[in-house]
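The block underneath contains the structure these notes are about, expressed in structure tokens.
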Amino acid sequence: MQRRIAFDRLHNFRDLGGLGSADGRTVRRGLLYRSDSLGKLEGADWERFLALGVRTVIDLRYPWETAARGRVPAVERFTYLNLSIEHRPYDQAAIDPELDPWRHLADRYAEVAEDGAVELRQTLEAIAESAGPLVFHCASGKDRTGLVAALVLSLLGVDEDGVAEDFALTESATELLVADWAAAHGGRTPAWPGYGRAPEEVIRLFLAGLTAEHGSVHGYVTGRLGVTGATIDALRRRLLEG
């Protein structure tokens, strides 16, 4: 299933539509996108992006990241929300190669799920309430973006295999994400050889931990995040067809 949308400067932009739900329905195409940093948009890429009809952009990065590396151009046609879900910065490029890297990343996701409860609730509410196509993104479109995608898809009834498959699609962008990092760091190579990787195991470990702690993704979202049943119903009405 081809959901990736090609850009010149964006490496990890895709449509979450087309995935199947447990009740036999399908996630609508052309309504929900995930991406790496939209601060890289310019020229022909900007025109391609505008053609998607996006009405809402959710930037999951820290405000200091948007200040240093740019944000999507400000235009009246869409709403821009900067909802920084991560509260404990860490340098992924410097992960100790001796660590179990996938366990390490899953543990960082668990921190985000705990620390960023307010922003994650606001993100899910914005996705449910958006009047048109919406895109959410972070820097590489891998970790913070992958976490949000996993929550949304799970609430839509996509099974763990489908969630993990979507997460791992980022692997096709790994080489370009590493090249971007090197270009921004004087041509150096990340200390951690797994930089830019997104194997299924990471999101499966994260989801297992969430389920162990809260019973299910739904239990986490309604309990820890405080998202209402009405919001989840609105999310499903908006994003599921069939």
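Quick notes on this one:
- Within the accessible area of region 12-125 (1.4 Å probe), percent carbon and sulfur: 49
- Filtered trypsin sites (Lys or Arg not before Pro), region 170-242: DSSP coil and at most 16 other beta carbons within 10 Å: R188, R224
- Cα-based convex hull, region 40-108, per residue volume (Å³, whole number): 133
- Ranked order, R4, R14, R28 - accessible area, probe 1.4 Å, largest first: R4, R28, R14
- Among the listed values (i) 50, 38, 36; (ii) 49, 42, 33; (iii) 52, 52, 33, the one computed from these coordinates for Cα extents along the principal axes in Å is (ii).
- Averaged over its residues, region 147-187 has an accessible area of 38 Å² per residue, based on protein heavy atoms and a 1.4 Å probe.
- Counting only protein heavy atoms and using a 1.4 Å probe, the accessible area of D23 comes to about 80 Å².
- Accessible-area composition of region 141-242, carbon plus sulfur, in percent [1.4 Å probe]: 51
The values are calculated or read from the model by the stated rules, or taken from the named source; none is laboratory data. If you're wondering where the values come from, they're calculated on a predicted model, not measured in any experiment. FYI the Cβ positions are ideal-geometry reconstructions off the backbone, even for glycines, and counts take in every protein chain you see. Ligands, DNA and RNA are stripped out before the accessible areas are found, and what is left, the full protein with its side chains, is counted by its heavy atoms. Shrake-Rupley method; radii C 1.70, N 1.55, O 1.52, S 1.80 Å.
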